[in-house]
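To start, the structure itself, in structure tokens.
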Amino acid sequence: MFSAILLMAGKGERMNMDINKILLPLGNKKVYEYSLEVLLKTVDEVICVISKDNEKIIKSLPKNVKYTFGGKTRQESVINGLKMVSNDYVLIHDSARPFITKELINEIKEELLNDKNVLVCSECKDTIKEQRGTKINTLDRDKLIKAYTPQCSKKDILLDSYNKALKDNMQFTDDLSIVEYYHPEMDTKLIYASDDLFKITTALDYELAKILWRKYD
């Protein structure tokens, strides 16, 4: 019933390292192995989307894992993964967010069965301001959330949304923003996650992950 697309094709340029950040050591594993192991225990199918210049990672993937190659953009990478999905419900996750839990995945699965999108998120703790030319508009923090992954929906809804975005040459920043645009009739369930589910984007994030990994090993 449930498939997961694990995105592993990002360049990680903001890390300023010679190695893809998902291949960095984190305790006893590599970064991507944390989320991959949890997904393999909780969903029926895992599709890894890897970079074409990192084919050596294929040999390290478990035999029951499908894989495909990423595109020039995140949207192209997700489409490549969606083409391989064989189940009704899809969880799309960034492998650079290693500290996902079985409990969170199981909660997502329950909500997906209610035919809603599912967005994993956290509260916005900072004051966010919107720049409008030379003016500044302060947004209501109580109405803001930080979007995490997994971002989840039905396979047919995701495929339809992504194909329309491709046809319209539209670019979006995350998965559910595409669904929101093309399927506004869909309701979305918010699931609040721990701040530990941050994305390793900078060298400072990696240093924090090296402190936290023992909780999730």
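Applying the selection to region 171-188, what residues are within 16 Å of the chain's Cα centre (by Cα) and under 15 Å from D156 (Cα atoms)?
Matches in region 171-188: D175, L176, I178, V179.
For K102, only one of the following conditions fails: (1) surrounded by fewer than 17 Cβ atoms within 10 Å (Cβ to Cβ); (2) within 16 Å of the chain's Cα centre (by Cα); (3) more than 30 Å from Y206 (Cβ to Cβ); (4) of a type in the set (D, E, K, R). What is its number?
For K102, the failing item is (3).
Of all residues in region 129-160 being β-branched (V, I, T) and surrounded by fewer than 10 Cβ atoms within 10 Å (Cβ to Cβ), which is farthest from T173 (Cα to Cα)?
Per the stated criteria, the residue is T134.
Name the one entry in I145, I105, I157 that is farther than 23 Å from S86 by Cα and modelled with pLDDT of 95 or more.
Step by step, each of I145, I105, I157 is checked, and only I145 is farther than 23 Å from S86 by Cα and modelled with pLDDT of 95 or more.
Which of the residues belonging to region 132-155 are farther than 23 Å from A96 by Cβ and free of Cβ contacts under 8 Å to residues at least 24 places away in the same chain?
Listed by number, the residues that qualify are R132, G133, T134, K135, I136, N137, T138, L139, D140, R141, D142, K143.
Within region 197-212, which residues are in contact with a helix residue (DSSP H, G or I) (Cβ under 8 Å, 6 or more places away or on another chain), assigned to a helix (DSSP H, G or I) and either at pLDDT below 95 or closer than 14 Å to I22 by Cβ (or both)?
A203, Y206, A209 - these are the residues of region 197-212 that are in contact with a helix residue (DSSP H, G or I) (Cβ under 8 Å, 6 or more places away or on another chain), assigned to a helix (DSSP H, G or I) and either at pLDDT below 95 or closer than 14 Å to I22 by Cβ (or both).
Looking only at region 74-88, decide whether some residue is crowded, with 23+ Cβ neighbours inside 10 Å, in contact (Cβ under 8 Å) with a residue 60 or more places away in the chain and hydroxyl-bearing (S, T, Y).
Yes, the conditions are met somewhere in region 74-88.
Against the definition (touching an Asp or Glu at 6+ places or on another chain (Cβ under 8 Å), more than 15 Å from C152 (Cβ to Cβ), surrounded by fewer than 22 Cβ atoms within 10 Å (Cβ to Cβ) and without any contact (Cβ under 8 Å) to a residue 60 or more places away in the chain), how does K66 come out, yes or no?
yes
What's the total number of residues in region 2-49 that are over 20 Å from K210 (Cα atoms), modelled with pLDDT of 95 or more and either in a helix (DSSP H, G or I) or among the aliphatic types (A, V, I, L, M) (or both)?
Residues that pass the stated criteria total 12.
Among the residues of region 78-110, how many are of a type in the set (D, E, K, R) and closer than 25 Å to P25 by Cα?
Final tally of qualifying residues: 4.
So, T188, is that one hydroxyl-bearing (S, T, Y) and modelled with pLDDT of 95 or more or not?
Spelling it out, T188 is indeed hydroxyl-bearing (S, T, Y) and modelled with pLDDT of 95 or more.
Say we look at region 161-188 and pick out the residues that are surrounded by 16 or more Cβ atoms within 10 Å (Cβ to Cβ) and of a type in the set (D, E, K, R); which of these is farthest from P98 (Cα to Cα)?
So the residue we want is E180.
Of all residues being outside any helix (DSSP H, G or I) and among the acidic types (D, E) in region 170-194, which is farthest from E123 (Cα to Cα)? Just the residue, please.
Only one residue tops the list, namely E185.
Any residue that is assigned to a helix (DSSP H, G or I), surrounded by 15 or more Cβ atoms within 10 Å (Cβ to Cβ), touching a strand residue (DSSP E or B) at 6+ places or on another chain (Cβ under 9 Å) and modelled with pLDDT of 95 or more - is there at least one of those in region 111-128?
yes
Confirm whether V78 is over 24 Å from Y216 (Cα atoms), assigned to a loop (DSSP other than H, G, I, E, B) and at pLDDT 95 or above.
When the stated conditions are applied, V78 does not pass them.
The values are calculated or read from the model by the stated rules, or taken from the named source; none is laboratory data. Since this is a predicted model, take the numbers as computed values, not measurements. Reconstructed Cβ throughout: ideal geometry from the backbone, glycine too, with neighbour counts over all protein chains shown.
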